[in-house]
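Read through the structure below, which is laid out as structure tokens, and then see the notes.
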């Protein structure tokens, strides 16, 4: 969580005053001392007009980085207000994977126009990246990768490195054969620690891990976290070196995937974009499906109440506990589903240990249910419902808690096994599923114990 | 999500057979071809006995990496079954930040015993790290950092680098003064691209970002993601260079923080440890507080039902919709709270734009509520409850959806403003809060419209 104290830029009022008074050279000097990521946050805090003025003051190198770091509303506003020519120049400056990411979020007509204004070479590269499917390694990689040949000596390699104008990453140097096929890797540190006349072949490790260009971004994130890589080479189906994905892109993927998971767990489809960048209608569209489905499903609980209308008429006090029973089942289920889904994502729980996970959750559910049951008895007696109703409530609570934790454990694990993303099983869904069944248990126990 | 197809090790049965038949040299040869992170996953799949046998076959370098990668149950079992002497040797091999992390998860008596068996130098270093508070930069940093002096030439620097036995990271080289105070940084690539007789001072950037040793791990993760750093220097209050935190540790923090957030959103306290490493009683303890609180809160809904007992007696059909009303309010609230909390974490939403966020959510709520209301009318008519009850239901649904989205937007944003972690506001909590108020709205409208 960020709070204002950690924002590394001068107070908003100061910036606004400088703009208002036209002291732009002074402002420019101030801006030079701020990190582009912080300037992006600053723009977000300013009025649109002021933000555009500030943005125009930035040098092209800084402005391109700032543009890359902006998100949501301010990015949209910059795209609208800033000259297309300047935007195209800024995109030319960016690493092409970032430019592609920026362009893909824009409406097609705007992105086509901007690509048309970019330098031909950059435009071609960005179009090539955009041709790969969204959320794949191909889309995320940078093609600025250093490729060495195995017969080079270290001193030839250093000469080559010095001749390069730019390369996003030099941590690992990849070795390719004459067909550009990836055959090895030399960590830069190995290169430094070696003698000038050694060859690349004598230093390189042929055990080089790579991902296919079609790899899904989630696989990619998994791969990087699992092996603690900083850089991953991306290859074609023929093992040709196409580019690299760097760990900072993976951190962004991580944020994206986590955001999707959390939104799904809350019971809506992921938004895919920053909150304020999405229109109200898009948010409605992402939520209405689930909400209607859950709504229709929860009419089942109404059916159950209807079914036991007679019993309710006879023992009115049973009605007082309806929301208590369904609420507790839903809450216990939400707790379980969040824990289990996270454990599945971290690969701690899978079908092979479903039994163990289920047994844990049931034990937990039993203990929680007994505690609830005890409190339930107290509540029932305080409401003067008599001992029999109290007993029904006390028995129903452990059963419903065990039942809802079971549902919340088994469904996501089974979904995962059948390659359905387990996060489609949300807390609200579990709550709705156990509502009707919980009431069925409650009223059946009531019939049995109260003899109605 | 990982599935078996992506596991890079031979089939379990094959490994088990090799162990059973005592073909250990063959097995050892197989293991040499597997990445330590994959061996850790493999151990997790094997029976404990077999896993220990496999683990004993590993060279000390590989075994230490494997140990570092294990989690949950298998780690506990290895600690129990493997000789203390060997464990201490393995810990000596690890980077000390990883050793500290490993030791801090163990019961004190075991970790003290292992530290006692470690090499004195490593033991001292690990104890120093453990003296920093948990979840701070001090605990996560590695002290294997390369520090240069500003008067060195490039060729002197290369000589120095070649003399180093080991350094976890060489991507950035830090420059310190005679008091070990951090004064600059030289990216390794700059070093390579320079002439042998240039000095470090002429190349270094004095604009070096660092974090204090007491910085919280969440700040650290924020810092790294915001500025796309691979490595962050950690300094004492006097700006002395103490160590570096690398981005792979930050990825782990990320996973931890996200896991905590998701568990809180589901309505339980975070587990802090892998799922199977936590005992049933610990899980119960993490959940019971919230569950009891929510339980007691949801007796309020019972009170509301009790309060309107007369009206329920008169119009029994009102009872059929109780779970529908509370369920829909809860579901809409869960959707909102997940989206808003994620937006707060990503710093897209804060108190200054609470109004804008609230207005979006209310607009969304109104549209969703109208759709629900329409479906509600159909449901009411199908249940033959009459037009008046249908009208009550149709009016209640938009109001409760707007109300619950409002609660789910405002509470987390206000909590965040007062530096309370917004994830303490879970979906279940919102559901429980809106249950009672939703019923109050429902029955009040019923009284008004039905004139009862």
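Points worth noting:
- Scanning region A:121-135 for residues that are closer than 15 Å to residue A:95 by Cα and either free of Cβ contacts under 8 Å to residues at least 12 places away in the same chain or within 28 Å of the chain's Cα centre (by Cα) (or both) yields a count of 9.
- Top-ranked residue in region B:314-336 [being in a helix (DSSP H, G or I) and more than 7 Å from chain A (Cβ to nearest Cβ); ranked as nearest to residue A:300 (Cα to Cα)]: B:325
- Residue match in region A:174-186 (condition: within 30 Å of residue B:67 (Cα to Cα) and either assigned to a loop (DSSP other than H, G, I, E, B) or in the same structural domain as residue A:95 (by TED's automatic domain parsing) (or both)): no
- Hits in region B:31-85 - residues which are within 12 Å of chain A (Cβ to nearest Cβ), more than 23 Å from residue A:352 (Cβ to Cβ) and surrounded by fewer than 19 Cβ atoms within 10 Å (Cβ to Cβ): B:32, B:33
- Per the conditions (1) crowded, with 24+ Cβ neighbours inside 10 Å; (2) within 44 Å of the chain's Cα centre (by Cα); (3) away from every other protein chain (no Cβ under 14 Å), the sole criterion not satisfied by residue B:396 is (3).
- Residue that is farther than 23 Å from residue A:281 by Cα, modelled with pLDDT under 90, in a helix (DSSP H, G or I) and out of contact with any helix residue (DSSP H, G or I) (no Cβ under 6 Å at 6 or more places or on another chain), where the choices are B:310, B:384, B:353: B:310
- Hits in region A:181-205 (condition: modelled with pLDDT of 85 or more and closer than 20 Å to residue A:246 by Cβ): A:182, A:184, A:185, A:186, A:205
- Selection of region B:247-287 for residues being without any contact (Cβ under 8 Å) to a residue 40 or more places away in the chain, assigned to a helix (DSSP H, G or I) and more than 9 Å from chain A (Cβ to nearest Cβ) yields B:256, B:282, B:285.
- Residue in region A:154-166 that is in contact (Cβ under 8 Å) with a residue 40 or more places away in the chain, in contact with a helix residue (DSSP H, G or I) (Cβ under 7 Å, 6 or more places away or on another chain) and farther than 28 Å from residue A:91 by Cβ present: yes
- Test: residue in region B:358-365 that is at the interface with another protein chain (Cβ under 7 Å from one of its Cβ atoms), closer than 21 Å to residue A:259 by Cα and within 29 Å of the chain's Cα centre (by Cα): yes
- The set of residues from region B:387-430 being over 15 Å from residue B:345 (Cβ atoms) and not in a helix (DSSP H, G or I) comprises just one member, B:418.
- Any hit, region A:164-172, residues being buried (at least 16 other Cβ atoms within 10 Å of the Cβ) and outside any loop (DSSP other than H, G, I, E, B): yes
- Once region B:115-130 is narrowed to residues that are under 24 Å from residue B:218 (Cβ atoms) and touching a helix residue (DSSP H, G or I) at 6+ places or on another chain (Cβ under 8 Å), the residue that is surrounded by the most Cβ atoms within 10 Å (Cβ to Cβ) is B:126.
Okay, residues lined up against (1) crowded, with 19+ Cβ neighbours inside 10 Å; (2) over 24 Å from residue A:427 (Cα atoms):
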position	(1), (2)
B:352	no, yes
B:363	no, no
B:368	yes, no
B:372	yes, no
B:378	no, yes
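- Candidates are the residues of region A:300-312 that are within 7 Å of chain B (Cβ to nearest Cβ) and surrounded by fewer than 19 Cβ atoms within 10 Å (Cβ to Cβ); the one that is farthest from residue B:314 (Cα to Cα) is A:306.
- Test: residue in region B:239-246 that is free of Cβ contacts under 8 Å to residues at least 60 places away in the same chain, outside the structural domain of residue B:289 (by TED's automatic domain parsing) and not in a helix (DSSP H, G or I): yes
- The test for being at pLDDT below 90, within 9 Å of chain A (Cβ to nearest Cβ), touching a strand residue (DSSP E or B) at 6+ places or on another chain (Cβ under 8 Å) and under 24 Å from residue B:133 (Cβ atoms) does not hold for residue B:168.
- Within region A:206-237, the only residue that satisfies the criterion of being at pLDDT 90 or above, surrounded by fewer than 18 Cβ atoms within 10 Å (Cβ to Cβ) and not in a loop (DSSP other than H, G, I, E, B) is A:212.
The values are calculated or read from the model by the stated rules, or taken from the named source; none is laboratory data. All of these numbers come straight from a predicted model, not from anything done at the bench. Neighbour counts are summed over all protein chains in view; Cβ atoms, including those assigned to glycine, are modelled from backbone coordinates with ideal geometry.
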